[in-house]
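Beneath this line is the structure, given in structure tokens, with notes to follow.
The values are calculated or read from the model by the stated rules, or taken from the named source; none is laboratory data. Because the structure is predicted, anything quoted here is derived from the model rather than measured. Heads up, the Cβs are rebuilt from the backbone with ideal geometry, glycines too, and the neighbour counts pull from every protein chain shown.
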Amino acid sequence: MPEQLKQQVQIKADEKELLGQYSNLVVVHHNAEEFTLNFIYMYPTVPQGKLVSSIIVNPTHAKRLLRALQENVTRYEAQFGPLPEGPGPGQEPNVGFIQ
């Protein structure tokens, strides 16, 4: 195994980042160079939401993220049972950004 793969990486994080943010909707856009993931909190009682975070990654990282999520969902379902699919493509809310 190459030496750089054995090194431990130290990540600095403030308490705010460690606490995380809740999101119940993700809107994904892409072009040839990058994928943008807009994490949104949709309010339960009104048709309104708030952008929580916008993360931009390159296509290779997006593919690794997809693989990591699939692996973790598979492990989750093995431990806790199947997850419902939820709405299919095209059934998500129509989201537009305002300033």
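With respect to (1) within 19 Å of ILE98 (Cα to Cα); (2) at pLDDT below 95; (3) within 18 Å of the chain's Cα centre (by Cα), the lone exception for GLU85 is condition (1). Selection of the range 22-46 for residues being more than 13 Å from PHE97 (Cα to Cα) and in contact with a Pro (Cβ under 9 Å, 6 or more places away or on another chain) yields ASN24, LEU25, HIS30, ALA32, GLU33, GLU34, PHE35.
So, of the residues in the range 24-50 that are loosely packed, with under 14 Cβ neighbours inside 10 Å and among the aliphatic types (A, V, I, L, M), which turns out to be farthest from ASN94 (Cα to Cα)? Step through it out loud before you land on a result.
Within the range 24-50, the first condition is being loosely packed, with under 14 Cβ neighbours inside 10 Å, and the residues that meet it are 24, 26, 28-34, 43-48, 50.
This time we only want the ones that are among the aliphatic types (A, V, I, L, M), so: 26, 28, 32, 46.
Working: VAL26: 12, VAL28: 13, ALA32: 24, VAL46: 14 Å.
Here the answer is ALA32.
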